[in-house]
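Asker: Right, I'll just put the structure down here and ask away after.
The values are calculated or read from the model by the stated rules, or taken from the named source; none is laboratory data. Bear in mind the structure is a predicted one, so any value in this text is a computation, not a measurement. Every residue, glycine among them, receives a Cβ derived from its backbone with ideal geometry; neighbour counts consider all protein chains shown.
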Amino acid sequence: MLQLKDIQKTYVEPDGAILKILDIPAFGVAPGEQVVLMGQSGSGKTTLLHIIAGISRPDSGEVRIAGTDIARLPESIRDRFRARTIGYVFQTFNLLAGFSALENVLLGMTFGGRSDAARARTLLERVGLGRRLTHKPAMLSVGEQQRVAVARALANRPKLLLADEPTANVDRGHQQQIVELIRQACREENVALLLVTHTAEVAEQFERVEHLERFNQAVASL
Amino acid sequence: MSLWKIAWRSIQQRALASSLTSVSMGLGVALVVAVLVLQAAVTDSFQHGGGLGYDMIVGAKGSKLQLVLNTVYYLSSPVENIPWSYYKEFTDGKFKRYVEKAVPCCLGDYYEEYRVVGTTPEMFELKPPSGKGYTCAAGEIFHSDDFFTAVVGSTVASTTGLTVGSKFQPTHGAPGGHQHDPFTVVGVLAPTGTPNDRAVFVNIEGFYLLDNHAKEPEPAEETQQADADHAHAGADHAEDHAPESAMDHEHAAEDKDAAAHEEHDAADQDHAAEGEHAEHAHEDEHGHDHEHEHGEHHHAPLPENQREVTAILLLTASAPGVPAGLSAMPLIKQINKGSVAQVVLPIREIRTLLDLFVAPLEWLLLALTVLIVVVAGVGILVSIYNSMSERRREIAIMRALGASRESVMLIVLLESILLALAGGMLGWLLGHGLLGVLAPWIGQEAGVNLAFWHATLLELVIIPGLVVLAAVVGFLPAVVAYRTDVAKALVAAP
């Protein structure tokens, strides 16, 4: 499902110095596989997810998702590819405040070009928010907001779901619930999952746990 | 979910700022709408007024424009007069074949600030372009043999309170001039949307019998006329009102009063000597007993050689097979070639006036109001642009969900367009509402008929104009949205 090859990413610091963030010779996630990615703060986890999602471009290397090297796609096609193929759950949920729970889910579908209100409702019901469809994010609890974010990420039937520390802002009691919700949804939809976390309790639930420091040579050379 | 809805949600999210921006745009559009409608109404009113059912005006030689303004709109100073005999050329003389109708008008007197027009009942047979003709809202048109009767325009009736049966005294030469003998209102005209709503029409026969309204006859004419006058056996009240200067409104008020005083004295002596005017007493400010009992006896009309008219309204006859404009050409040539009078085409004069003076001013006013709308458009720019820093994250989320740069740019442009359109709708309603509310006052003060639903074709340009303006002012914030660095905005603190 996901294959990274020779990914390199550098940043130019304000003083002009070049900082290498990522140097990954190879990394992959099989279809339907659920992988947890751990790493220290500043190790490049979020940058890696942005590159996989096509939000950022690597300086070099291949990012193949379902056989397509999205690093070589023009931006507009990459945007459309992301909308249709990749789901993204953010650490801070990133729901749009002016939109209801249902509209937030529909928003993801809009950019994917397939607005399906029935599916949006079904997804929200599946995450336990069937009675909160018209509620704005401010009227939902933190846990409920994250559930809307999960429903939104799955709205376009993606092949790969990227979750960037989805439990970081959730209390311990709800962490387990959120992770189980994401894993269960991915299983039901046959979606590959790459979940970033620095919480050991979360990582323990996964069969495959990867540490960025182990395959990112940029970190290793620091 | 459409991009329109996403843009609308964004507007709703910043409801207060969005509302204020739209209201400022609405105020600008309201001004544009008001100016456009007023511009059209004023132009229409002038053109309407220039075709009150006649196509030419004959008057003394001089300024054509002044003749039109004075005769059609009752504006400007009165022009010189022309002899009655000239008017007769149109009814019984050499010009008769060119004319379908000729209506005499005598101007110069006032009732309060409104012009008094001495005319014949035929005036009300002229049909304005609406084709409906004049109708009375109350009473009827005066009869030619009821000398001291009058018909008042609708505006005059509503502002002065004159109604059927009311008596009023016109003033000579100016609103505060010497008060004439009273007339009785027998009719109130229904509104016509023309300057005639602001006029007082009196029977021309009564008008001639007022102080200073009779021309002193030429010596030769006087001798001839004396015989005719005697035939009236002293019933000729006109002599009482026969000064040396006919409708001479150029005299200072004091002179007129003094002259009138002397004339009244002389006339009273005559009456006393002849004992023929027992009923016809006057009461004026000099203490003379001049009160008329118009309803109780007949006055003798003023001899024709003492009559003058200010203008003659002509409805020309069209010869079979000849265009109306061409059939009157010989008439125009003959009149203008002579030394007595000139003929003017009111439509042409008004068109010239509009093109030369009114239109540039109107366009200047319109340009200023459009500038206000542009400033309001800049307000939209500022409002959206200021919101961009707080919306960067929102835009980044949409981009992360798969929105293209073009999509987020379009959402911002649509937001700008929606704000402008909302302002435009509000402004349209506000502008028309304002005109609707002010319509009675405008009608009364300016004689321009307006209503809420009066609209102009130019208003159709407002909506596409606003869309273009919104697209222009929304472009800068849209570019900011386009250039948003998604990765940076996503990792920034929410």
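Asker: Examine region A:88-110 for a residue that is aromatic (Phe, Trp, Tyr), touching a residue at least 24 places away in the same chain (Cβ under 8 Å), assigned to a loop (DSSP other than H, G, I, E, B) and at negative phi, and state whether such a residue exists.
Answerer: Yes, some residue in region A:88-110 is aromatic (Phe, Trp, Tyr), touching a residue at least 24 places away in the same chain (Cβ under 8 Å), assigned to a loop (DSSP other than H, G, I, E, B) and at negative phi.
Asker: Moving to a separate point now. Identify the residue in region A:84-136 that is of a type in the set (Ser, Thr, Tyr) and out of contact with any Ser or Thr (no Cβ under 7 Å at 6 or more places or on another chain) and, among all such residues, is surrounded by the most Cβ atoms within 10 Å (Cβ to Cβ). Lay out the reasoning, then the answer.
Answerer: Step one: filter region A:84-136 for residues of a type in the set (Ser, Thr, Tyr), giving A:85, A:88, A:92, A:100, A:110, A:115, A:122, A:134.
Restricting the remaining residues to those that are out of contact with any Ser or Thr (no Cβ under 7 Å at 6 or more places or on another chain) gives A:85, A:88, A:92, A:110, A:115, A:122.
Working: A:Thr85: 21, A:Tyr88: 26, A:Thr92: 19, A:Thr110: 23, A:Ser115: 16, A:Thr122: 13.
Checked region A:84-136; the qualifying residue surrounded by the most Cβ atoms within 10 Å (Cβ to Cβ) is A:Tyr88.
Asker: Inspect all residues belonging to region A:171-181 and state whether any of them is away from every other protein chain (no Cβ under 14 Å), closer than 24 Å to A:Gly112 by Cα and among the β-branched types (Val, Ile, Thr).
Answerer: Here is the first cut: in region A:171-181, the ones away from every other protein chain (no Cβ under 14 Å) are A:171-181.
Filter again for closer than 24 Å to A:Gly112 by Cα, leaving A:181.
Subset that is among the β-branched types (Val, Ile, Thr): none.
No; the residues of region A:171-181 include none that is away from every other protein chain (no Cβ under 14 Å), closer than 24 Å to A:Gly112 by Cα and among the β-branched types (Val, Ile, Thr).
Asker: Hey, could you check region A:55-69 for residues that are closer than 18 Å to A:Val191 by Cα and either acidic (Asp, Glu) or outside any strand (DSSP E or B) (or both) and say which is nearest to the other protein chains (Cβ to nearest Cβ)?
Answerer: My answer is A:Ala66.
Residue-by-condition table, conditions (1) within 14 Å of another protein chain (Cβ to nearest Cβ); (2) more than 17 Å from B:Leu419 (Cα to Cα); (3) touching a Pro at 6+ places or on another chain (Cβ under 9 Å):
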{"site": "B:Leu3", "(1), (2), (3)": "yes, no, no"}
{"site": "B:Ser18", "(1), (2), (3)": "yes, no, no"}
{"site": "B:Thr43", "(1), (2), (3)": "no, yes, no"}
{"site": "B:Lys64", "(1), (2), (3)": "no, yes, no"}
{"site": "B:Leu75", "(1), (2), (3)": "no, yes, yes"}
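Asker: Taking only pairs six or more apart or across chains, which ones have beta-carbon atoms under 6 Å, a first residue in region B:77-89 that is assigned by TED's automatic domain parsing to the domain that holds B:Gln306, and a second residue that is surrounded by 16 or more Cβ atoms within 10 Å (Cβ to Cβ) and of a type in the set (Lys, Arg)?
Answerer: B:Trp84/B:Arg307
Asker: Within region B:455-482, which residues are part of a loop (DSSP other than H, G, I, E, B) and within 12 Å of chain A (Cβ to nearest Cβ)? If you could, list the steps in order and put the result at the bottom.
Answerer: Narrowing region B:455-482 to residues part of a loop (DSSP other than H, G, I, E, B): B:455-456.
Scanning region B:455-482 gives no hits.
Asker: Right, next: What number of residues within region B:124-144 satisfy the criterion of being out of contact with any helix residue (DSSP H, G or I) (no Cβ under 8 Å at 6 or more places or on another chain) and at pLDDT below 90?
Answerer: 9
Asker: Okay, moving on. All but one of (1) under 30 Å from A:Arg157 (Cβ atoms); (2) free of Cβ contacts under 8 Å to residues at least 40 places away in the same chain; (3) assigned to a helix (DSSP H, G or I) hold for B:Gly402; which doesn't?
Answerer: Of (1) under 30 Å from A:Arg157 (Cβ atoms); (2) free of Cβ contacts under 8 Å to residues at least 40 places away in the same chain; (3) assigned to a helix (DSSP H, G or I), only one is false for B:Gly402: (3).
Asker: For the structure I just gave you, tell me whether B:Thr119 is under 21 Å from the mean Cα position of the chain (by Cα), assigned by TED's automatic domain parsing to the domain that holds B:Gly173 and modelled with pLDDT of 90 or more.
Answerer: It is true that B:Thr119 is under 21 Å from the mean Cα position of the chain (by Cα), assigned by TED's automatic domain parsing to the domain that holds B:Gly173 and modelled with pLDDT of 90 or more.
Asker: Which ones in region A:37-69 are aliphatic (A, V, I, L, M) and surrounded by fewer than 22 Cβ atoms within 10 Å (Cβ to Cβ)?
Answerer: Matches in region A:37-69: A:Met38, A:Ala66.
Asker: Continuing with the same structure: Within the group B:Lys96, B:Lys88, B:Lys167, which residue is more than 17 Å from B:Ile312 (Cα to Cα) and basic (Lys, Arg)?
Answerer: B:Lys167
Asker: Moving on to the next point. As an exercise: evaluate B:Thr163 against (1) among the hydroxyl-bearing types (Ser, Thr, Tyr); (2) closer than 23 Å to B:Gly53 by Cα; (3) in a loop (DSSP other than H, G, I, E, B) and give the number of the one condition it does not meet.
Answerer: Answer for B:Thr163: the failing condition is (2).
Asker: Here is a further query. Is it true that A:Gly112 is within 14 Å of chain B (Cβ to nearest Cβ) and more than 14 Å from the chain's Cα centre (by Cα)?
Answerer: So A:Gly112 fits the description; yes.
Asker: Of the residues that sit in region A:70-83 and are buried (at least 16 other Cβ atoms within 10 Å of the Cβ) and in a helix (DSSP H, G or I), which one is nearest to the other protein chains (Cβ to nearest Cβ)?
Answerer: A:Ala83
Asker: Further, regarding this structure: Tell me, which residue of region B:177-222 that is among the small types (Gly, Ala, Ser) and at pLDDT 85 or above is surrounded by the fewest Cβ atoms within 10 Å (Cβ to Cβ)?
Answerer: Result: B:Ala190.
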